Structure formats: C-alpha cells, structure tokens
Amino acid sequence: AALDAFVAGLPKAELHLHIEGSLEPELMFALAQRNHIALPFADVEAVRAAYDFSNLQDFLDIYYQGANVLQTEEDFYDLAMAYFRRAAADNVRHAEIFFDPQTHTDRGIPYSVVIDGLWRAAQDAQALNLSVSLIHSFLRHLSEDAAFDSLAMAEPYLDRLVGVGLDSSEVGHPPSKFAGVFAKARDMGLMLCCHAGEEGPPEYVYEALDILEIDRIDHGNRSLEDPLLVARIIDEGLTLTVCPLSNHKLCVVPDLDMHPIPAMLKQGLKATINSDDPAYFGGYVNDNFLALTRRGLISKKDCVTLALNSVDGAFLDPDRRDALR
Ligand code: ES4
Ligand code: ZN
C-alpha cells in the first residue's frame, strides 16, 4: 500500500495510449444500446473472458470490432472523457493519445465527428488538471495511399494535432512502407511516432530512425537484441514508450518477471511506462508501474526516473514541461 501511494503520488505523462483501447466493456455495452448496435457478447463478463490473446493480431481483431459501437461525436467525447477521468485519478498530468481515424472513416464516420468529440473532451480535461495532445495514427496493414487520404482529412484540423503515429499489425508492414506520408506529415509540422520492435525485428526500428526520422519510438522492446541500435537510440536521445501489461497480454514477453524495462534503464535508454490499451490489457498507468515494482523489478528511484522520462519525452512546450517536473 505504501508502494501504491508512492507511485500514485508521482506526477506523470502518458505517452502511449490508444483512445479506442480505453473502451471499457461497460461503456461498450452502453454505447451499443444507445446506438442500437448488436454485440456478439451476452454481457460484460463475456467480453472480458474474450480478452485472452496469444499475439498482437488476436487483440487487434477484437479491438477493431469493439470500436464499431463508436458512432457519434458524443460517443467519442464520452470515451475520451472516461479515460481522462481515470488518468487524472492516477495523477497523469499530461496525456498524448493516439486515435485511429481510418478505423472510423472506413465505416462511414466523418473525420469531423471523431476529432470534434475528442477535441471537446481534451478541452474539458483541463478542469481535471490534465493537458491533452492528439496523435493521428495510421493503420499500417492498409496502404500508404490510404494513409495519405487520411492525412488529407486531417488538414483542416492541423492545429488540433501534435503528431502522427503508425500502429496495427507490425510484421510484414515495415516503416519504409510509409516513407512518403511521414515525410509529408513532417513538412506539415507534425511530430512523428512509430510502433516498432513490438513484434517486428530490430531492422524495423532502424527503418523508423533512418527512413521515417521519427521523434519517439513506441514499444521498441526488440531494440535490445542489437547493441549498436541501443547506442544509436541513446545517441539520438529518443524516448521509448513501453507498455508492460500490454507486452504480457500480447505475449511480447513470456513473463512479467522478464520484462525489459530494468535492462532498458540500466543501458541508459529513456524508457517510459504507459498503458497502451488499458481496457483490454487489465490496467491503467499506475497498474503498469505497480506490476513491475511489486515484482521487485524496479525501485522507487527507477519510478521517479520513469516518471521524469515521461515528462521529458512529451511533445510539450518548455513552460508546461517545467510545470510538470
Ligand atoms: C496497438 Cl499494442 C498495439 N500495437 C499495435 N497497434 C495497436 N493499436 C492499438 N494497440
Ligand atoms: Zn500501442
């Protein structure tokens, strides 16, 4: 309990959170009812029982299905606001959240509906002492042309976005596939993030650095297989947004006792702890810290380092950053 209070007391930033992955089964059912959508589950318990994954794709299939209940601006507002309240309760003071526009626009939901709902919630989060930035993420299992189309939809709303990301099925869809659209996003003034080295090999992390010229690495676990790559990430000062409970649920690590965060810190990488898809992986950001502290994998001092890394790794202006340190 003393450890819980210590972790809870640390001001922190969450840098790797898919807002669609914060859809709790209770809200999924409420939105399904409100929008007259049939769910393939009898009740909330049946949904939770289905969250047993052997790999990333297993999870993605059920995650995209869950997103179908999101229809109106109010749905996106309610989804985001529920996450912001939960994050604020964990003493998250700044959140940079991914959203997957193509998951919604490809089923006929206008981009404006998605971004207006998320944006209104982001404004209301200020009353929770929480600042929020939005990251438009491309689905890598779709084509680069589709990503260009998605970025074009975002153009009228550029002032509401801090950056772009790349997520979904990693293996077979290397960063190089999106070289053109990332170059364009950079020219538009957006920051660049990329999921790399979650299931994919170190080569994909190299591509994210060399070809996409990213500003932050999402996951990056498999970078540890290549000491030269680790040296390069340290040299470039890049932050890794690591997600322990996600890694465990998706079998990226066989056991939480073998989680790479301690090795990352030891080697001097700027690792952070994040919740990824908390409704699917069984915990929010403090739960992710506690999963490692309770196993004796990281110390209180490490927790302070990780929390400071999250503030340093955020895409924040210097004044807001100083206020959070
Ligand atoms: C994701 Cl954990 C993870 N990896 C890749 N894509 C994703 N989308 C949502 N969560
Ligand atoms: Zn992710």
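Bear in mind that the values in this text are calculations on the coordinates, not laboratory data. Everything numeric in this text was worked out from a predicted model, so none of it was measured. Positions of Cβ are backbone-derived with ideal geometry, glycine not excepted, and every protein chain shown enters the neighbour counts.
Here's a check for you: in segment 178-224, which residue that is within 15 Å of ligand 1 (Cβ to nearest atom) and basic (K, R) is nearest to the chain's Cα centre (by Cα)?
R216
Being farther than 18 Å from A121 by Cα, surrounded by fewer than 23 Cβ atoms within 10 Å (Cβ to Cβ) and out of contact with any Asp or Glu (no Cβ under 9 Å at 6 or more places or on another chain) narrows it down to one of N68, N55, so name that one.
After applying the criteria, what remains is N68.
Give segment 1-59 a look and list any residue that's part of a loop (DSSP other than H, G, I, E, B), within 16 Å of ligand 1 (Cβ to nearest atom) and farther than 21 Å from I115 by Cα, or say none.
Those that are part of a loop (DSSP other than H, G, I, E, B), within 16 Å of ligand 1 (Cβ to nearest atom) and farther than 21 Å from I115 by Cα: Y51, D52, F53, S54, N55.
Taking segment 86-137 as the search range and keeping residues that are in a loop (DSSP other than H, G, I, E, B) and farther than 13 Å from K12 by Cα, which one is farthest from the chain's Cα centre (by Cα)?
Checked segment 86-137; the qualifying residue farthest from the chain's Cα centre (by Cα) is G108.
Can you find, within segment 192-211, the residue that is surrounded by the fewest Cβ atoms within 10 Å (Cβ to Cβ) among those that are over 17 Å from L56 (Cα atoms) and within 16 Å of ligand 2 (Cβ to nearest atom)?
L192
Which one of these does D257 not meet: (1) within 14 Å of ligand 1 (Cβ to nearest atom); (2) among the charged types (D, E, K, R); (3) assigned to a helix (DSSP H, G or I)?
The single condition D257 does not satisfy is (1).
Table: residues versus (1) in contact with a helix residue (DSSP H, G or I) (Cβ under 6 Å, 6 or more places away or on another chain); (2) over 25 Å from D317 (Cα atoms); (3) hydrophobic (A, V, I, L, M, F, W, C).
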{"residue": "G163", "(1), (2), (3)": "no, no, no"}
{"residue": "F178", "(1), (2), (3)": "yes, yes, yes"}
{"residue": "L190", "(1), (2), (3)": "no, no, yes"}
{"residue": "I211", "(1), (2), (3)": "yes, yes, yes"}
{"residue": "I214", "(1), (2), (3)": "yes, no, yes"}
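One line per residue, one yes/no per condition, for (1) among the hydrophobic types (A, V, I, L, M, F, W, C); (2) within 16 Å of ligand 2 (Cβ to nearest atom):
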| residue | (1), (2) |
| --- | --- |
| L224 | yes, no |
| S246 | no, yes |
| V252 | yes, yes |
| Q267 | no, no |
| N288 | no, yes |
| K301 | no, no |
| G313 | no, yes |
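For T105, which of the numbered conditions (1) surrounded by 15 or more Cβ atoms within 10 Å (Cβ to Cβ); (2) farther than 30 Å from L158 by Cα; (3) of a type in the set (S, T, Y) fails to hold?
(2)
Of the residues in segment 283-325, how many are within 16 Å of the chain's Cα centre (by Cα) and free of Cβ contacts under 8 Å to residues at least 40 places away in the same chain?
Qualifying residue count for the region: 1.
Scan (1) on the phi < 0 side of the Ramachandran plot; (2) within 16 Å of ligand 2 (Cβ to nearest atom); (3) surrounded by fewer than 19 Cβ atoms within 10 Å (Cβ to Cβ) for the single condition A271 breaks and write down its number.
Evaluating A271 over (1) on the phi < 0 side of the Ramachandran plot; (2) within 16 Å of ligand 2 (Cβ to nearest atom); (3) surrounded by fewer than 19 Cβ atoms within 10 Å (Cβ to Cβ) leaves (3) as the failure.
Could you tell me how many of the residues in segment 64-85 are hydroxyl-bearing (S, T, Y) and assigned to a loop (DSSP other than H, G, I, E, B)?
Going through segment 64-85 one residue at a time, the tally reaches 1.
To keep it simple, each residue is scored yes or no on (1) in contact with an Asp or Glu (Cβ under 7 Å, 6 or more places away or on another chain); (2) not aliphatic (A, V, I, L, M).
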{"residue": "T105", "(1), (2)": "no, yes"}
{"residue": "G117", "(1), (2)": "yes, yes"}
{"residue": "A122", "(1), (2)": "no, no"}
{"residue": "Q126", "(1), (2)": "no, yes"}
{"residue": "V132", "(1), (2)": "no, no"}
{"residue": "H136", "(1), (2)": "no, yes"}
{"residue": "L142", "(1), (2)": "no, no"}
{"residue": "S150", "(1), (2)": "no, yes"}
{"residue": "V162", "(1), (2)": "yes, no"}
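Could you check segment 172-245 for strands (runs of 3 or more DSSP E) lying wholly inside it with 2 or more residues that are under 20 Å from R140 (Cα atoms) and touching a Pro at 6+ places or on another chain (Cβ under 7 Å)?
Values: elements: 191-196, 216-219, 239-242.
Qualifying strands (runs of 3 or more DSSP E): 191-196.
How many residues are more than 16 Å from ligand 2 (Cβ to nearest atom) and either touching a residue at least 60 places away in the same chain (Cβ under 8 Å) or out of contact with any helix residue (DSSP H, G or I) (no Cβ under 9 Å at 6 or more places or on another chain) (or both) if we restrict to segment 47-64?
Of all residues in segment 47-64, those more than 16 Å from ligand 2 (Cβ to nearest atom) come to 47-50, 52, 54.
Filter once more, keeping what is either touching a residue at least 60 places away in the same chain (Cβ under 8 Å) or out of contact with any helix residue (DSSP H, G or I) (no Cβ under 9 Å at 6 or more places or on another chain) (or both): 49, 54.
So the answer is 2.
Would you mind finding the one in I109, I115, I97 that is of a type in the set (V, I, T) and within 16 Å of ligand 2 (Cβ to nearest atom)? I'd like the intermediate steps shown before the answer.
Details: I109 fails: within 16 Å of ligand 2 (Cβ to nearest atom); I115 fails: within 16 Å of ligand 2 (Cβ to nearest atom).
The match here is I97.
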